[in-house]
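Here is the structure we will look at, set down as structure tokens.
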Amino acid sequence: MTAAEEALFRLAADVAASRTGRRMPPLAADTRSQPPPSVAVARPQPPVPVPCGPAPQLEMATLATSSKGNATLVRAGSTAVLVDAGISARRLTEGLRGLGVEPASLAGIFITHEHSDHVAGLATFLKRYDVPVYANRATWEALGDIGVTYARRRIPLAAEMTVGHLRIQRFATSHDAADPSGFTFCAGRVKGAVCTDLGVVTKSVASALAGANLLVLEANHDPDMLRTGPYVGYLKQRIAGPQGHLANAQAARLLAWLYRGQALDVIWAHRSATNNDVAKVQDTVIAELAREGISPAQESIHWQHGRPDGTVRMVVADTVEESETCCERVKIESIL
Ligand SMILES: [Zn+2]
Ligand SMILES: [Zn+2]
């Protein structure tokens, strides 16, 4: 990171601290090597006015989440979007209707990246429902036939977009895909994020998530289970590598870093059925939070464990005192 980027990060942390009255501790150092640095550095931009709409609450629901298939509904007011479509079109349709969302009414599908556990149901779903798809160009090209067939549906991702009641920001993640993304969603004064499929928590990821109230956050594997498990060597290396997936402790440290006393609800996502289990996630998160002096039982922090085969839903109401800070982006992008 350059000196300018360091200064920018410190400034962002100071701004956040001044808003919350609680100083951010330094982000725990990643235990793995960082991906190669990029020369591209975004310049700080003035804050964009926040269209704080009438949405009373922000809802996130994983229709399914695991290493085998991922799809998340994000809804505020009358606006509903899907993040990824990695389960069959039938399961997507049933899951959406189970939450009272007619599939054709979706304002968009946001694609994080082209891996099959995120797009397996996309082509069939698009045959049935004329829904716009938000994806960046490299991801769209990597989708191959789907990208060609449904090119007219594509809406290029911008750093910031407004779709109905949702203000959406894209951030880059470190993963072995063409141009992988995570997303934050602001509705009124509440901020949510979908952040899975990343090998390391970079400062740009952390800054994008700062101030969040509702997270769909990856807790993919337990390193010991991965190391002693049945996967072949190259796959173990890939998963544990800087462009792989988040281990439980990495996710827990990020949560501890993000928590500033605000209402913060989490759905633990993208859990490996082979290299992880609910108890490992639970124990690791509690231990890492305790290390920072945070006891979930006494704080406004709650979580559920995402399911590979069913819906898990969390809602945060717009009663958060941290208010207008939610949608202001901490501008330290492109550190990757
Ligand atoms: Zn992936
Ligand atoms: Zn995945």
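Brief remarks on what is shown
- Leading residue by the ranking (surrounded by the fewest Cβ atoms within 10 Å (Cβ to Cβ)) among those in segment 238-247 that are in contact with a Leu (Cβ under 7 Å, 6 or more places away or on another chain) and over 15 Å from CYS195 (Cα atoms): ALA240
- Residue within segment 219-239 that is within 16 Å of ligand 2 (Cβ to nearest atom) and under 14 Å from the mean Cα position of the chain (by Cα) present: yes
- Among residues of segment 248-277, those that are over 15 Å from the mean Cα position of the chain (by Cα), crowded, with 24+ Cβ neighbours inside 10 Å and within 15 Å of ligand 1 (Cβ to nearest atom), counted: 1
- When residues of segment 75-112 are limited to those that are of a type outside the set (Ser, Thr, Tyr) and within 16 Å of ligand 1 (Cβ to nearest atom), the one nearest to MET60 (Cα to Cα): VAL83
- Residue in segment 106-115 that is touching a Ser or Thr at 6+ places or on another chain (Cβ under 7 Å), more than 16 Å from ligand 2 (Cβ to nearest atom) and assigned to a strand (DSSP E or B) present: no
- The condition of being of a type outside the set (Val, Ile, Thr), in a loop (DSSP other than H, G, I, E, B) and farther than 18 Å from PRO156 by Cα holds for GLY100.
- Number of the condition not met by THR139 [criteria: (1) in a helix (DSSP H, G or I); (2) more than 16 Å from ligand 1 (Cβ to nearest atom)]: (2)
- Out of VAL131, VAL148, one residue alone is of a type outside the set (D, E, K, R), over 28 Å from ASN220 (Cα atoms), away from ligand 1 (no atom under 16 Å from the Cβ) and in a loop (DSSP other than H, G, I, E, B). It is VAL131.
- Odd one out for GLY100 among (1) free of Cβ contacts under 8 Å to residues at least 60 places away in the same chain; (2) crowded, with 24+ Cβ neighbours inside 10 Å; (3) not hydrophobic (A, V, I, L, M, F, W, C): (2)
- The number of residues in segment 55-87 that are assigned to a loop (DSSP other than H, G, I, E, B) and away from ligand 2 (no atom under 16 Å from the Cβ) comes to 4.
- Taking segment 136-167 as the range and being surrounded by 22 or more Cβ atoms within 10 Å (Cβ to Cβ), in contact (Cβ under 8 Å) with a residue 40 or more places away in the chain and aliphatic (A, V, I, L, M) as the test, only LEU166 passes.
- Inter-residue pairs, beta-carbon under 8 Å, first part of a loop (DSSP other than H, G, I, E, B) and in segment 186-209, second of a type in the set (Lys, Arg) and at pLDDT 95 or above, 6+ apart: VAL201/ARG253
- Test: residue in segment 177-188 that is over 18 Å from ILE111 (Cα atoms) and surrounded by 23 or more Cβ atoms within 10 Å (Cβ to Cβ): yes
- Residues of segment 175-204 classified as out of contact with any Lys or Arg (no Cβ under 8 Å at 6 or more places or on another chain) and away from ligand 1 (no atom under 11 Å from the Cβ), total: 11
- Any hit, segment 125-138, residues being within 16 Å of ligand 2 (Cβ to nearest atom), more than 21 Å from ARG313 (Cα to Cα) and not polar (S, T, N, Q): yes
The values are calculated or read from the model by the stated rules, or taken from the named source; none is laboratory data. Since the model is a prediction, treat every value here as computed from it, not as a measurement. Methodologically, a virtual Cβ is constructed for each residue, glycine included, from the backbone with ideal geometry; neighbour enumeration extends over all protein chains shown.
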